[in-house]
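First up is the structure itself, then whatever we jot down about it.
The values are calculated or read from the model by the stated rules, or taken from the named source; none is laboratory data. Just so it is clear, the structure is predicted and the values come from calculations on it, not from any experiment. All Cβ positions, glycine included, derive from the backbone under ideal geometry; neighbour counts span all protein chains shown.
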Amino acid sequence: MKHIEVVAANIRKDDMLLATQRGYGDFKDWWEFPGGKMEAGETPEMNTRPFVRHYHNIFVTFGQMVLLVVFINAIDSIGINVLPVSETNVPPSVG
């Protein structure tokens with residue numbers, strides 16, 4: 001059984017939560033939170049900060065991880081790290 005760690009950023013503004021729609025792969029058109037699969041030696045913050053900056057032009061700071069969900073099936077175990085984010089720089093056109 002292989003284990004995969006992923007990160008999901010919880011980016012809120014007022015009563016809105018940022019989710020993105022996948023444009024590729026088996027889960028094309030499904031919705032997800034910004035983040036992704038972690039590489040060896042990478043922290044959740046190291047994984048997510050560049051992704052959010054590159055794709056959403058949002059510069060973020062992180063709070064303490066609020067949730068770690070572990071999903072186990074016959075093939076994989078997946079750890080999902082959920083990080084709260086406070087926006088530090090959002091262009092006027094966003095939100």
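Just for segment 62-90: of the residues that are at pLDDT below 85 and polar (S, T, N, Q), which one is surrounded by the most Cβ atoms within 10 Å (Cβ to Cβ)? Once the filter is applied, the top-ranked residue is SER86. So the check is Cβ under 6 Å with 6+ separation or different chains; which pairs have a first residue in segment 58-85 that's in contact (Cβ under 8 Å) with a residue 40 or more places away in the chain and a second one that's surrounded by fewer than 11 Cβ atoms within 10 Å (Cβ to Cβ) and basic (Lys, Arg)? Every condition considered, the pairs that remain are ASP76/LYS2.
Restricting attention to segment 28-58 and to residues that are assigned to a strand (DSSP E or B) and surrounded by 13 or more Cβ atoms within 10 Å (Cβ to Cβ), the residue that is farthest from the chain's Cα centre (by Cα) turns out to be GLU32. Take the conditions (1) surrounded by 11 or more Cβ atoms within 10 Å (Cβ to Cβ); (2) polar (S, T, N, Q); (3) at pLDDT 90 or above; GLN21 misses just one of them, which is (1). Total residues in segment 59-88 satisfying the condition of being assigned to a loop (DSSP other than H, G, I, E, B), aliphatic (A, V, I, L, M) and closer than 14 Å to ASN10 by Cα: the figure is 2.
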